[in-house]
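**Q** Please find one structure pasted underneath; my questions will follow.
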Amino acid sequence: MDLILFYLRKLFTILKNEVLVLPSRVVVVLFFLLLLLLPVFTKDPYLLRIFTLTSIFAILAASWDLLSGFTGQMNFGHALFFGVGAYGAALLNKHVGIPPWGTVPLGALAAVVSGLIIGIPCLRLRGTYLALTTLAFPIILMGVVFAFPGLTGGELGISGIARLAGSRVIDYYIAVVVMLGLCTIMWKITDSNTGIIFHAIREDELAVKAAGINTTRYKLLAFSLSGFFAGISGGLYAHFMRIAGPSTLEVSMSFQVVIWAIFGGIVTIYGPVGAVFILFPLLEFLRFWQEFRMLMFSVVVLLILLYMPDGLFRWLRDKVEKECPRCKIRNVAMRHTCRVCTAPLD
Amino acid sequence: MERWKRRIFILAMGFLFAMASFTVALGQEIKIGVIGPMKFVQGIGHWNGATMAAEELNAKGGIQVGNQKMKVQIIQADSNEFLNVTDATNAMERLITKDKVHFVVGGFRTEAVLPMQDIAMENKKIFIGVGAAHDELCLRVAKNYNTYKYWFRGSPFNSSFLGRTSFIHLGTVGAILKQSLNIPKVKVAIVAEKAEWTEPMIKAAEGAIPSMGMETVGVWRPSPVATDVTAELSAIQRSEAQMIFTIFSSSVGIPFARQAGELKIPAVQVGINVEAQKDGFWQATQRMGNYVATMNTYARGVEYNELTKPFVDTYVKRFGETPTYTADTYAAIVYTLAPAIEKLGTLDPDKLVAFMENDVHKAPSGVVAYLKDAEGRHLHELRWGPGYLTALGVQWQDGELKAFWPNKWKAVPEAPEITYKGIVPYKIPPWMIEKYKK
């Protein structure tokens with residue numbers, strides 16, 4: 001009993017001193033709670049479908065941010081990892097009979113391998129050249145898919161694979177819990193020493209090399225990690241949709257990820273996740289105006305990028321929070337002095 | 001007195017209940033979801049056909065369901081399936097769970113129709129596919145009947161039959177050339193756009209052409225979006241081919257026909273050219289698409305049966321163009337769904353499926369019947385052949401799309417000849433006659 005009370009007190013202290021002091025953290029907690037409690041309030045299959053897919057794509061968008069945002073390895077072919085994860089999971093399920101809980105991580109491992117395969121030849125490339133090279137890989141894989149229709153199903157894809165779970169609510173919880181878990185892991189990675197090296201590689205790779213750090217290893221690690229997370233999302237997508245087709249490798253899929261990430265704000269992890277949770281349901285909401293749906297969607301994206309070039313969530317965060325010039329701790333914007341070092345904030 | 005009061009009360013309640021039921025029944029509608037790529041010609045065809053169907057049925061007071069008439073309400077869902085498969089499945093889920101449709105018609109891209117089919121089947125909604133031709137969609141019915149029995153193919157018949165029909169057109173035109181121009185062995189160039197779906201057709205054509213007493217001189221694969229095909233046309237000219245077997249579903253069909261006309265390539269075009277099925281082809285090719293032949297479902301002035309002319313004429317009057325096969329949403333609603341509902345007096349999908357899968361009925365494009373596989377399992381696949389659905393061989397003749405096939409066609413030697421009303425003879429381009437007529 002004492003132990004429970006101790007943990008409850010600890011939880012309360014953390015909530016009071018770490019969470020409630022910053023609006024962004026309160027929003028994150030509310031976001032977690034809202035997602036986890038949504039099926040308690042509604043079991044509408046359409047709504048749950050939208051949020052299941054949103055969660056799956058949120059993992060994909062965050063994984064792009066990990067590689068391209070944090071490490072600066074501009075990847076315009078992120079659909080490759082997604083497609084490899086989807087096809088890997090579908091093939092293992094269809095031909096080997098492995099259930100989704102096994103195929104999804106194995107598909108993700110296949111995506112890791114593909115991350116290494118494209119990472120190695122791309123090590124010497126930077127910026128536009130890297131972006132264009134990575135763009136080619138999903139197109140090459142699509143050619144492979146069409147070249148072996150007996151195995152991959154050709155332009156039809158691999159259909160009729162096992163469902164993620166027996167019900168829509170369980171599908172939803174699997175996608176949401178995996179998304180929340182993986183995004184937290186990605187955020188923790190970026191906050192770790194590895195994350196700091198990723199940052200440094202993006203800012204000045206030569207300086208990092210001069211400091212004695214093996215940047216090749218870290219860049220390959222970034223490709224592998226990003227491939228793993230994107231592969232998980234691809235596997236989840238294949239089992240949820242019950243098909244892995246060439247559309248998972250299309251160029252439009254790669255660019256969609258880039259749009260999500262930039263809309264929300266790159267180098268944040270939470271930005272791309274938030275962006276998917278706004279843009280994906282928005283596109284569905286705009287169905288009431290079918291003729292202008294895509295136009296309205298494009299206008300919203302353009303306006304946000306025009307007036308908030310660092311992304312919507314960075315802009316919002318900067319409006320409600322301020323960084324202490326001395327200790328770099330974030331404070332609520334209404335404060336005049338830092339909550340830790342009491343330095344003036346204005 | 002108390003007993004009377006109670007009786008009056010019960011009567012009043014009964015009356016109110018009956019009135020309430022009647023009011024609810026009056027307000028009830030049969031909701032039909034129309035799903036397709038609405039910004040593209042295929043989706044526009046879906047919607048136009050369904051609009052005509054709803055207008056026609058509602059003008060008669062609706063569909064008789066038991067002892068009440070129910071109006072038809074069609075609900076549009078833009079699947080956006082050419083660009084986004086996920087979007088297509090969301091549209092289907094919305095139709096079924098939000099709009100609460102009773103039936104769904106439409107769908108086009110097979111990769112999108114497969115997951116859309118899964119959603120409809122999970123919700124036990126009858127889904128009549130109008131657009132996707134892949135065999136797998138119907139094979140699923142045979143493999144897992146209890147799950148997929150709510151799927152029916154509405155149009156076109158499957159890709160195997162499409163291939164077979166285009167080979168018949170090839171053989172028919174080949175025989176005409178042989179006879180009219182005294183060509184002993186007709187040489188055929190196969191030109192297929194560089195796309196996965198054309199691969200099995202190329203292989204099949206390479207096998208079928210020699211068996212028809214003709215010779216294949218080569219296979220050319222232009223890009224589906226090519227705007228210049230003069231290199232391919234020059235090579236075909238050098239190969240001395242007299243026929244070009246086209247397999248096009250994309251925009252390349254226009255430059256190919258235009259440039260072949262401009263260069264007066266002495267070879268006739270037969271096969272599949274989706275662009276040539278459209279009314280705008282004549283203008284798009286700057287009148288150079290003359291004599292191009294393709295497979296099509298409808299042509300102005302051609303009648304499969306007595307239902308064709310009213311449908312085509314009304315469609316042309318209402319929408320200003322000849323219907324394409326995706327406009328067969330009309331037939332799916334008016335001739336497949338509505339009679340089944342009226343006959344059984346119910347909207348129960350299981351009862352309707354049991355009736356529909358054995359039903360044989362006329363539609364504007366022929367007689368609709370559903371096939372079973374070799375093991376006798378239901379496929380819900382359209383029956384192809386004489387007396388059922390055959391489609392047409394059409395040719396551009398001086399600005400008009402005329403049907404030249406079937407013209408005294410016999411599927412097997414002992415079968416009766418088939419010629420639809422409005423069929424005209426095939427025309428050989430004059431420059432071909434000039435070159436080969438001795």
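The values are calculated or read from the model by the stated rules, or taken from the named source; none is laboratory data. Remember, it's a predicted structure, so these values are computed and weren't measured experimentally. Cβ atoms come from the backbone with ideal geometry, glycine included; neighbour counts cover every protein chain shown. When the accessible area is computed, the model is the full protein with side chains, heavy atoms only, and any ligands, DNA or RNA have been set aside. Shrake-Rupley method; radii C 1.70, N 1.55, O 1.52, S 1.80 Å.
**Q** Need the per-residue list for segment A:46-62: every residue with at least 20 Å² less accessible surface in the complex of protein chains than in the chain by itself, probe 1.4 Å, sorted by number.
**A** Buried on complex formation: A:Y46, A:R49.
**Q** To continue, here is another question. Please give the calculated 222 nm ellipticity per residue for chain B, where each DSSP H segment of at least 4 residues contributes -39500 (n - 2.57) and the sum is spread over every residue; nearest 500 deg cm²/dmol?
**A** Calculated from helices alone, the mean residue ellipticity at 222 nm is -12000 deg cm²/dmol.
**Q** Can you run phi through the Karplus equation (6.51, -1.76, 1.60; θ = phi - 60°) for segment B:65-72 and list ³J(HN,Hα) in whole Hz, with x for Gly and Pro?
**A** 10, x, 9, 10, 8, 10, 6, 9
**Q** Another one. Quantify how strongly other chains surround peptide A:148-158 by giving the mean number of their Cβ atoms within 10 Å of each of its Cβ atoms.
**A** The shielding value for this peptide is 3.
**Q** Right, next: From the phi of every residue in segment B:262-275, what ³J(HN,Hα) in whole Hz does the Karplus formula 6.51 cos²θ - 1.76 cosθ + 1.60 yield, where θ is phi - 60° and glycine or proline is x?
**A** Karplus values, whole Hz, x for Gly and Pro: 5, 7, 6, 4, x, 8, 8, 9, 9, x, 10, 9, 4, 4.
**Q** Let me ask something else about it. Using only Cα atoms, tell me the angle between helix A:45-64 and the longest principal axis of chain A; keep it within 0 to 90° and round to the nearest 10.
**A** 80
**Q** A further question on this structure: As an exercise, identify the trypsin sites (Lys or Arg not before Pro) in segment A:1-91 lying in DSSP coil whose Cβ has no more than 15 other Cβ atoms within 10 Å.
**A** A:K43
**Q** Can you give me the % of accessible surface on segment B:205-296 that is carbon or sulfur? Probe 1.4 Å, all protein chains present, nothing else counted.
**A** Here carbon and sulfur together make up 49 percent of the probe-accessible area.
**Q** Right, another one. Just name one of A:G72, A:L5, A:F41: the one whose Cα is farthest towards the positive end of the charge dipole of segment A:1-92 (beta-carbon charges, Lys/Arg +1, Asp/Glu -1).
**A** Positive-most Cα among the choices belongs to A:L5.
**Q** Past 26 Å, Cα to Cα, is the threshold; run B:K143/B:K278; B:K278/B:K372; B:K69/B:K125 against it and keep the listed order.
**A** B:K143/B:K278; B:K278/B:K372
**Q** Taking a quarter of the surface of the convex hull around the Cα atoms of segment A:175-214, what do you get in nm²?
**A** Result: a mean projected hull area of 3.1 nm².
**Q** Take the Cα pairs of segment A:288-346, get the Kirkwood Rh, then feed it into Stokes-Einstein at 10 °C and 1.306 mPa s and tell me D in µm²/s.
**A** Translational diffusion coefficient: 116 µm²/s.
**Q** Could you work out the relative contact order of segment A:49-293, using alpha carbon pairs under 8 angstrom and six or more residues apart, expressed as a whole percent?
**A** For segment A:49-293, the relative contact order is 42 percent.
**Q** How big is Rg to Rh over chain A, alpha-carbon atoms, Rh as the Kirkwood inverse-mean-distance radius?
**A** Answer for chain A: 0.99.
**Q** Do you know which residues of segment B:105-120 lose at least 50 square angstrom of accessible area in the protein assembly compared with their chain on its own, with a 1.4 angstrom probe?
**A** Buried-area filter returns B:E111.
**Q** Moving on to the next point. Relative to the longest principal axis of the C-alpha atoms of chain A, give the angle of the C-alpha long axis of helix A:293-307, reported between 0 and 90° and rounded to the nearest 10°.
**A** With rounding to tens, the tilt is 40 degrees.
**Q** Accessible area per residue, 1.4 Å probe, Å², for the protein assembly as shown: what's the number?
**A** Normalised by residue count, the accessible surface of the protein assembly as shown is 44 Å².
**Q** Here's something else I'd like to know. Take the eigenvalues of the Cα gyration tensor for segment B:243-319, scale each by 5, and report the square roots as semi-axes in whole Å, largest first.
**A** In descending order, the three semi-axes are 26, 13, 10 Å.
**Q** Further, regarding this structure: Chains A and B: how much accessible area gets covered up at their contact, both sides added, probe 1.4 Å, in Å² to the nearest hundred?
**A** When A and B are taken together, about 2600 Å² of accessible area is lost.
**Q** Would you tally the net charge around A:R339, using a Cβ to Cβ cut-off of less than 15 Å, leaving A:R339 out, and scoring K and R as +1, D and E as -1?
**A** My count for the surroundings of A:R339 gives +3.
**Q** If you don't mind, there's one more thing I want to ask. Amide H of B:V65: which non-local residues (sequence gap of 5 or more, or other chain) have their own amide H closer than 5 Å, using H built in the peptide plane?
**A** Under 5 Å from the amide H of B:V65: B:M70.
**Q** Here's another thing I want to ask about it. Using +1 at the C-beta of Lys and Arg and -1 at the C-beta of Asp and Glu, which of A:A110, A:L221, A:V176 has the Cα lying farthest in the positive direction of the dipole of segment A:49-293?
**A** Final value for the positive-end residue is A:A110.
**Q** Still on this structure, please answer the following. Check which residues have an amide H placed less than 5 Å from B:V217's amide H, if you skip close sequence neighbours.
**A** Long-range HN contacts for B:V217: B:V188, B:A189, B:I190.
**Q** Over segment A:49-293, what percent of the accessible surface lies on carbon and sulfur atoms, probe 1.4 Å?
**A** Accessible surface attributable to carbon and sulfur in segment A:49-293 totals 72 percent.
**Q** Sticking with this structure for a sec: Return the calculated 222 nm mean residue ellipticity for chain A, to the nearest 500 deg cm²/dmol, obtained by summing -39500 (n - 2.57) across DSSP H runs with n ≥ 4 and dividing by the residue count.
**A** For chain A, the value works out to -22500 deg cm²/dmol.
**Q** Now for a different question. In terms of modelled amide H atoms, which long-range or inter-chain residues lie less than 5 Å from the amide H of B:Q269?
**A** Residues meeting the amide H criterion: B:I244, B:A293.
**Q** So, one more: With θ taken as phi - 60° and the coefficients 6.51, -1.76 and 1.60, list the Karplus ³J(HN,Hα) couplings across segment B:169-182 in order, rounded to whole Hz; mark glycine and proline as x.
**A** 4, 4, x, 5, 5, x, 5, 5, 5, 4, 6, 6, 10, 6
**Q** What would the Debye equation give as log₁₀ I(q)/I(0) for chain B at q = 0.06, 0.09 Å⁻¹, counting only Cα atoms as equal point scatterers?
**A** -0.29, -0.60
**Q** Students often check this: by mean Cβ neighbours within 10 Å, which of B:314-324, A:110-120 ranks highest, and how do the rest follow?
**A** Packing proxy ranking, top to bottom: A:110-120, B:314-324.
**Q** Next up: State, in angstrom, two size descriptors of the protein assembly as shown derived from its alpha carbons: Rg to one decimal place and Dmax to the nearest whole number.
**A** Final numbers for Rg and Dmax: 30.9, 109 Å.
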